[in-house]
Amino acid sequence: MNRRTFIKSTAAAGLGGLVLMNTGCAEGEGRSMNETTTQTDAPAQTRALERIGVQLYTVRSILENDFEGGIEQVAAIGYDEVEFAGYYDRSPADVKALLDRVGMTAPAVHVGIDLLRDDLDAVIEAAQIIGHEYIICPWVAEDQRTLDHYKQHAALFNEVGEKCKAAGIQFAYHNHDFEFFETDGQIPYDLLLAECDASLVEMELDLYWIKKGGYDAGAYFNAHPGRFTCCHVKDMGSDEGIVPVGTGSIDFGSIFAQSEQAGLKHYFVEHDHPDDPMQSLAMSYAHLKDLRF
């Protein structure tokens, strides 16, 4: 099942399918690298991640057939937190009960832009029951990526962010690589940062996709401190494809050393198309558990 089919089937499931997934795929190839490496003094490598999370889109093939068992397996690996990408026809109360039973929390959820626009009250209600701290828009469709569209998205995100804030929830936006492709002389991601109210709209930075788009996470942390409270942790292989964390080229230690500057609080492992989802999650968890920065 591809991501668009998954979106449609999830959206059709009522409140159980109210929340949509992280659409980690992006059309097109990454541009030539324009990364500017930020120079910082190397800190003593004594810090470690206190909590490690996972975006559940990684294990969607398992959750579709055995939701409860899949969540139990994720918990057994050692993950502390999950980020949802659909509730698989379970009620928010049932989801909360399952999380409590396995000893995990769900700080964040991905919600499609149409539901944010058309059914935000129900989205917020479900988030409050489960205990989400963040409601995150995972992407915008290919035909919605002109500069005028991004300006419209920013206006909508500010409205959504204001309603979420009133409910005690933070709104955020998750990037792919296409937000970093120059459009009419502008970088859409920069437009979003400029036009979204920083107090209402935070950014969940996908550390793979920003690199694939040709830009440096640290440069954005320095330019927009505190705006990036969540991130997706996924690694890049030699062919620029996604690989388990720790088996690719991304220097997560250097990135995480800037967590305070970035505002990072939650780190969600993700792999869009793993051959063996649980093995990928286990490998990624083992690397991050031992990582010092």
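Can you tell me how many residues in the stretch 168-214 are out of contact with any Asp or Glu (no Cβ under 6 Å at 6 or more places or on another chain) and assigned to a loop (DSSP other than H, G, I, E, B)?
Result for the stretch 168-214: 14.
Could you list, in sequence order, the residues of the stretch 220-253 that are of a type in the set (Val, Ile, Thr), closer than 21 Å to TYR189 by Cβ and touching a Ser or Thr at 6+ places or on another chain (Cβ under 8 Å)?
The answer is VAL233, and nothing else.
For the stretch 103-121, enumerate the residues that are free of Cβ contacts under 8 Å to residues at least 40 places away in the same chain and of a type in the set (Val, Ile, Thr).
Answer for the stretch 103-121, where residues must be free of Cβ contacts under 8 Å to residues at least 40 places away in the same chain and of a type in the set (Val, Ile, Thr): just THR105.
Would you check which residues across the stretch 127-165 are more than 25 Å from TYR267 (Cα to Cα) and in contact with a strand residue (DSSP E or B) (Cβ under 6 Å, 6 or more places away or on another chain) and list them?
The one that is more than 25 Å from TYR267 (Cα to Cα) and in contact with a strand residue (DSSP E or B) (Cβ under 6 Å, 6 or more places away or on another chain): LEU147.
Checking the structure you have, find out if any residue of the stretch 273-283 is within 16 Å of the chain's Cα centre (by Cα), closer than 23 Å to GLU64 by Cα, touching a residue at least 12 places away in the same chain (Cβ under 8 Å) and buried (at least 19 other Cβ atoms within 10 Å of the Cβ).
First, the residues of the stretch 273-283 that are within 16 Å of the chain's Cα centre (by Cα): 273, 281.
Checking which are closer than 23 Å to GLU64 by Cα leaves us with 273, 281.
Checking the rest, the ones that are also touching a residue at least 12 places away in the same chain (Cβ under 8 Å) come to 273, 281.
Now narrow it down to the ones that are buried (at least 19 other Cβ atoms within 10 Å of the Cβ): 281.
Looking through the stretch 273-283, at least one residue is within 16 Å of the chain's Cα centre (by Cα), closer than 23 Å to GLU64 by Cα, touching a residue at least 12 places away in the same chain (Cβ under 8 Å) and buried (at least 19 other Cβ atoms within 10 Å of the Cβ).
From the list PHE181, PHE157, PHE171, which residue is under 25 Å from VAL243 (Cα atoms) and modelled with pLDDT of 95 or more?
PHE181
Check off (1) at pLDDT 50 or above; (2) not in a strand (DSSP E or B) for VAL82 and give me the number that stays unchecked.
Going through (1) at pLDDT 50 or above; (2) not in a strand (DSSP E or B) one by one, VAL82 breaks only (2).
Can you name the condition, by its number, that GLY213 falls short on among (1) in contact with a Gly (Cβ under 7 Å, 6 or more places away or on another chain); (2) surrounded by fewer than 22 Cβ atoms within 10 Å (Cβ to Cβ); (3) more than 28 Å from ILE130 (Cβ to Cβ)?
The number of the failed condition is (2).
Residues are listed down the side, and each one gets a yes or a no for (1) surrounded by 18 or more Cβ atoms within 10 Å (Cβ to Cβ); (2) under 23 Å from GLU142 (Cβ atoms); (3) modelled with pLDDT under 95:
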position	(1), (2), (3)
GLU35	no, no, yes
GLN39	no, no, yes
GLU50	no, no, no
GLY53	yes, no, no
LEU63	yes, no, no
GLY86	yes, yes, no
ASP89	no, no, no
ALA106	yes, no, no
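Could you look through the stretch 108-137, keep only residues that are among the β-branched types (Val, Ile, Thr) and part of a helix (DSSP H, G or I), and pick out the one that is surrounded by the fewest Cβ atoms within 10 Å (Cβ to Cβ)?
ILE129
If VAL201 satisfies all but one of (1) without any contact (Cβ under 8 Å) to a residue 60 or more places away in the chain; (2) in contact with a Pro (Cβ under 8 Å, 6 or more places away or on another chain); (3) crowded, with 23+ Cβ neighbours inside 10 Å, what's the number of the condition it fails?
For VAL201, the failing item is (2).
Please give the number of the condition GLY78 fails out of (1) more than 18 Å from HIS271 (Cβ to Cβ); (2) more than 19 Å from the chain's Cα centre (by Cα).
Condition (1) is where GLY78 drops out.
What's the total number of residues in the stretch 192-235 that are within 12 Å of ASN175 (Cβ to Cβ) and over 17 Å from the mean Cα position of the chain (by Cα)?
1
Just to be sure before I move on: is LEU99 modelled with pLDDT of 95 or more, out of contact with any strand residue (DSSP E or B) (no Cβ under 8 Å at 6 or more places or on another chain) and hydrophobic (A, V, I, L, M, F, W, C) in the structure I sent?
Details: modelled with pLDDT of 95 or more: yes; out of contact with any strand residue (DSSP E or B) (no Cβ under 8 Å at 6 or more places or on another chain): no; hydrophobic (A, V, I, L, M, F, W, C): yes.
Against the criterion (modelled with pLDDT of 95 or more, out of contact with any strand residue (DSSP E or B) (no Cβ under 8 Å at 6 or more places or on another chain) and hydrophobic (A, V, I, L, M, F, W, C)), LEU99 does not qualify.
The values are calculated or read from the model by the stated rules, or taken from the named source; none is laboratory data. The model shown is predicted, which means the values in this text are computed figures rather than measured ones. All Cβ positions, glycine included, derive from the backbone under ideal geometry; neighbour counts span all protein chains shown.
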